[in-house]
Amino acid sequence: MKEQISSFDEYQKVYQESLNDPSKFWGDYARENFVWKKPWNKVYSADFEKAKFSWFEGAALNITENCLDRHLSERGDQTAIIWEPNEPGEQHKTFTYNELHAEVCRVANALKSIGVKKGDRVCLYLPMVPELAFAVLACARIGAVHSVVFAGFSSKSLSDRINDASCSVVLTSDGGPRGEKVTPLKDIVDQALESCDCVDTVVVLNRANNDCAMTEGRDIWWHDFIDGQSSKCPAEEMDSEDPLFILYTSGSTGKPKGMVHSSGGYMVYTTYSFQQVFQYKPGDIYWCTADIGWITGHSYIVYGPLSAGATTVMFEGTPAYPDMGRFWDVVDKYKVNIFYTAPTAIRALAQCDPAHLTRTTRESLRVLGTVGEPINQEAWDWYNTEIGGGDCPIVDTWWQTETGGILISPLAGVTPIKPTYATLPLPGIQPVLMDENGVEIPDMEAEGRLCMKQPWPSMARTIYGNHQRYINTYFSQFPGFYFTGDGSRRDSDGDYRITGRVDDIVIVSGHNLGTAEIEDAIDEHKAVAEAAVVGYPHEVKGNSICAFLTLEKHSENYPNLFTEVLDLVSETIGPIAKPERMYIVPGLPKTRSGKIMRRILRKLAAGETDNLGDISTLLNPEVVEAIKSEMGL
Ligand code: PRX
């Protein structure tokens, strides 16, 4: 690997070079650090109007040759994956690069044996077991497009995603152990498939010894699936722009968006950003606590670290099981050097009995990371002092499912740290702030909407099956720019501090939730006439969900209305989307054109009764007082 940036002066120099000549910058890095089957004709091309972007056009590669094969001669016996199970008493597992290569090839051959080919979509609905990583890489090996669905999603969410991408195969397990619970994943798949016609095969891993029904002709046990498969499988030649995976993220309106990521650009950028941000050194043990069901797991548990030849930890459990000291036990157990987690976990851990912390040393830690939502000063201070002992740089990494990789973050030990700031863009990344009129704000010290002026290699290329929605969501509000949906402040040093979403997406415990999707789920209840859902600040989760419901005029009396609504949301989206607070109100505040004024509801949910703005222009200003009284405000 090319040398990492090692000083702030060097960062500034490299950053400037990357903007002056992006083709040279990315072309040199890509050429010197990866195995390509065919070189590119052009480093990149970009058309913001049509939202058409390509990187390393004409090049051919297979990302798994870069994550696996190329390491075998030099570090075949080095541990690639350390897997820590949910139960601390269960034996952990490790896989060297040689072993991982063989496991991936076996699954790849098994997929081929059931007819999966390049371009086919495969849904992975699995707990955090090593087989999930094998499956991700096995799909990539044969050019199948993986669509990982987080194993906390409901059967309805799963079937929507399977149908949207027309997946022909689902890989799942009998159960997913997390904390004290075992989620019956196969049962959820069975329910989901009642409304999917596209799936021919379901492969079931025995993870929990759970009884589960097997449908003859469709379902097959994982051990039978891979039985007798060769541990060698040639890597499919992929065009740099061929899709590598689809990953769904909530939208501010309508159904989730299947973000499509490419092969070449994604590989280059996740590797680059992993190396630079975390300053990974050979021999380091790196642990990202995310689930592979989210982009953080894709980019910084699997692809980035493995391409960089790192040792990456995969954890099946939760920070709270068997008690709140689990993370620190695992850090000590494997002598983790680089630890990457989410502010919501940090806040929860900071509140618990210090004895959970003091029973561990955590002395191996060198770099700490955070991702997924803004980190507040208090949580940052605790992370810095109690976990880092005051001498581990904290990399506050800002990015999105859509960006594929980290765009704004300190480089550990290189960029001066400023608490709660994601600080500066990575080389090749050019953030700008826009005012409400769509004009770029020239002043250094400013607050505005965060956009990107330059394309970067790992940007999502489209929304699966709906390019127009991709254009509308990201490229139409500020023509000529990529719009992130986030607001940000920039200080006089040029450091960015992300202030949060400026659209109808709420981040609860680090999970993106579209309020429209939750409203649609609640509206399904017979007694509900209309629902409005907003986020409000929550001490641990960052944000929580508050729902306002109006009832049908002649609706029957539903004594268990709230429970039924919560169940509906759980079944439709998943337990993570359940509102924490609900109010039945006589009306929702609306504009004269009939749009719900969520701005007012957001303020009320946050307990703010002043500065509600001009409510006299509402169609029904009187409801505001009625809502306040219902909420006890
Ligand atoms: O609002 C930003 C917030 O998370 C959003 C992206 O969510 P998702 O696609 O689920 O990806 C999360 C993991 C990359 C962003 O639009 N966000 C992410 N990281 C940060 C953040 N907000 C503040 N600071 C961060 N470091």
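The values are calculated or read from the model by the stated rules, or taken from the named source; none is laboratory data. Since the structure is predicted, the reported quantities are computational estimates derived from the model, not experimental observations. All Cβ positions, even for glycine, are placed from backbone atoms using ideal geometry, and neighbour counts span all protein chains on display.
Do we have G404 as over 21 Å from the mean Cα position of the chain (by Cα) and buried (at least 17 other Cβ atoms within 10 Å of the Cβ) here? Spell out the reasoning first.
Details: over 21 Å from the mean Cα position of the chain (by Cα): no; buried (at least 17 other Cβ atoms within 10 Å of the Cβ): yes.
When the stated conditions are applied, G404 does not pass them.
Picking from V439, V395, V414, which residue would you name as being buried (at least 17 other Cβ atoms within 10 Å of the Cβ) and more than 13 Å from the ligand (Cβ to nearest atom)? Full working, then the answer.
Details: V439 fails: buried (at least 17 other Cβ atoms within 10 Å of the Cβ); V395 fails: more than 13 Å from the ligand (Cβ to nearest atom).
On inspection, the qualifying residue turns out to be V414.
Please go through the stretch 290-306 and give me each residue that is under 12 Å from the mean Cα position of the chain (by Cα) and not aromatic (F, W, Y), ordered by number.
Here is the first cut: in the stretch 290-306, the residues under 12 Å from the mean Cα position of the chain (by Cα) are 290-301.
Those that are under 12 Å from the mean Cα position of the chain (by Cα) and not aromatic (F, W, Y): A290, D291, I292, G293, I295, T296, G297, H298, S299, I301.
Could you give every pair whose Cβ atoms fall below 7 Å, whose first residue belongs to the stretch 384-400 and is among the charged types (D, E, K, R), and whose second residue is away from the ligand (no atom under 11 Å from the Cβ), counting only separations of at least 6 or pairs across chains?
Within 7 Å, the pairs are E386/L357.
Against the definition (surrounded by fewer than 22 Cβ atoms within 10 Å (Cβ to Cβ) and touching a residue at least 40 places away in the same chain (Cβ under 8 Å)), how does G309 come out, yes or no?
Working: surrounded by fewer than 22 Cβ atoms within 10 Å (Cβ to Cβ): yes; touching a residue at least 40 places away in the same chain (Cβ under 8 Å): yes.
For G309, the condition - surrounded by fewer than 22 Cβ atoms within 10 Å (Cβ to Cβ) and touching a residue at least 40 places away in the same chain (Cβ under 8 Å) - is met.
Report yes if some residue within the stretch 163-171 is assigned by TED's automatic domain parsing to the domain that holds T249, surrounded by 24 or more Cβ atoms within 10 Å (Cβ to Cβ) and over 24 Å from A108 (Cβ atoms); otherwise report no.
Within the stretch 163-171 (the criterion being assigned by TED's automatic domain parsing to the domain that holds T249, surrounded by 24 or more Cβ atoms within 10 Å (Cβ to Cβ) and over 24 Å from A108 (Cβ atoms)), the answer is no, since none of the residues qualifies.
Listed here are the residues, each with its yes/no results for (1) within 30 Å of K37 (Cβ to Cβ); (2) buried (at least 22 other Cβ atoms within 10 Å of the Cβ); (3) over 25 Å from the mean Cα position of the chain (by Cα).
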| site | (1), (2), (3) |
| --- | --- |
| A140 | yes, yes, no |
| C198 | no, no, yes |
| L205 | no, yes, no |
| T215 | no, no, yes |
| D227 | no, no, yes |
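How many of the residues in the stretch 272-326 are of a type in the set (A, V, I, L, M) and either under 23 Å from S6 (Cβ atoms) or in contact with a Lys or Arg (Cβ under 6 Å, 6 or more places away or on another chain) (or both)? Lay out the reasoning, then the answer.
The initial filter retains those residues of the stretch 272-326 that are of a type in the set (A, V, I, L, M), namely 277, 285, 290, 292, 295, 301-302, 306, 308, 310, 313-314, 320, 324.
Still in the running and either under 23 Å from S6 (Cβ atoms) or in contact with a Lys or Arg (Cβ under 6 Å, 6 or more places away or on another chain) (or both): 277, 285, 308, 310.
Adding up the residues that qualify gives 4.
Residues T270, T172, T215: which one is closer than 18 Å to I292 by Cβ and either small (G, A, S) or without any contact (Cβ under 8 Å) to a residue 60 or more places away in the chain (or both)?
Numbers: T270 fails: either small (G, A, S) or without any contact (Cβ under 8 Å) to a residue 60 or more places away in the chain (or both); T215 fails: closer than 18 Å to I292 by Cβ.
Step by step, each of T270, T172, T215 is checked, and only T172 is closer than 18 Å to I292 by Cβ and either small (G, A, S) or without any contact (Cβ under 8 Å) to a residue 60 or more places away in the chain (or both).
Tell me which residues, restricted to the stretch 47-92, are surrounded by fewer than 17 Cβ atoms within 10 Å (Cβ to Cβ), among the small types (G, A, S) and either under 25 Å from the mean Cα position of the chain (by Cα) or closer than 29 Å to T183 by Cβ (or both).
G89
Return only the number of the condition from (1) of a type outside the set (G, A, S); (2) within 16 Å of the ligand (Cβ to nearest atom); (3) not assigned by TED's automatic domain parsing to the domain that holds P419 that T473 does not satisfy.
(3)
Can you pull out every residue in the stretch 108-124 that is on the phi > 0 side of the Ramachandran plot and under 28 Å from the mean Cα position of the chain (by Cα)? So that I can check it myself, show each step before the final result.
Residues of the stretch 108-124 that are on the phi > 0 side of the Ramachandran plot, as a first pass: 115, 119.
If the condition is that a residue be on the phi > 0 side of the Ramachandran plot and under 28 Å from the mean Cα position of the chain (by Cα), then G119 is the only one that fits.
Of all helices (runs of 4 or more DSSP H) completely enclosed by the stretch 14-117, which ones contain at least 1 residues that are touching a strand residue (DSSP E or B) at 6+ places or on another chain (Cβ under 6 Å)? Walk me through how you get there before you give the answer.
Numbers: elements: 22-33, 70-75, 97-113.
In the stretch 14-117, the matching helices (runs of 4 or more DSSP H) lie at 22-33, 97-113.
Scanning for something of a type in the set (A, V, I, L, M), more than 30 Å from L513 (Cα to Cα) and in contact (Cβ under 8 Å) with a residue 60 or more places away in the chain, does the stretch 112-131 turn up at least one residue? Steps first, answer last, please.
Step one: of the stretch 112-131, the residues of a type in the set (A, V, I, L, M) are 114, 116, 122, 124, 126, 128-129.
Filter again for more than 30 Å from L513 (Cα to Cα), leaving 114, 116.
Imposing the further condition that a residue be in contact (Cβ under 8 Å) with a residue 60 or more places away in the chain reduces the set to 114.
Taking every residue of the stretch 112-131 in turn, at least one turns out to be of a type in the set (A, V, I, L, M), more than 30 Å from L513 (Cα to Cα) and in contact (Cβ under 8 Å) with a residue 60 or more places away in the chain.
Quick check, is L365 under 18 Å from A320 (Cβ atoms) and either modelled with pLDDT of 95 or more or not assigned by TED's automatic domain parsing to the domain that holds I82 (or both)?
Numbers: under 18 Å from A320 (Cβ atoms): no; either modelled with pLDDT of 95 or more or not assigned by TED's automatic domain parsing to the domain that holds I82 (or both): yes.
The answer is no for L365.
Restricting attention to helices (runs of 4 or more DSSP H) lying wholly within the stretch 272-390, give those where 1 or more residues are within 16 Å of the ligand (Cβ to nearest atom) and closer than 26 Å to N66 by Cα. Break it down into steps so the answer makes sense when it comes.
Numbers: elements: 304-307, 326-334, 343-350, 355-358, 377-382.
Here the list reads 304-307.
Applying the selection to the stretch 457-470, what residues are among the polar types (S, T, N, Q) and either in a strand (DSSP E or B) or not assigned by TED's automatic domain parsing to the domain that holds H261 (or both)?
We begin by selecting, within the stretch 457-470, every residue among the polar types (S, T, N, Q); these are 458, 462, 466, 468.
Passing the criteria: only T462.
Residues that are of a type outside the set (S, T, N, Q) and within 16 Å of the ligand (Cβ to nearest atom): which strands (runs of 3 or more DSSP E) entirely in the stretch 483-585 hold 3 or more of them? Walk me through it before giving the result.
Working: elements: 496-501, 505-508, 511-514, 528-538, 542-551, 581-584.
Fully inside the stretch 483-585 and qualifying: 496-501, 505-508, 511-514, 528-538.
Kindly provide the set of residues from the stretch 556-574 that are exposed (fewer than 14 other Cβ atoms within 10 Å of the Cβ), at pLDDT below 95 and not acidic (D, E), ordered by number.
If the condition is that a residue be exposed (fewer than 14 other Cβ atoms within 10 Å of the Cβ), at pLDDT below 95 and not acidic (D, E), then N557, P559, N560 are the ones that fit.
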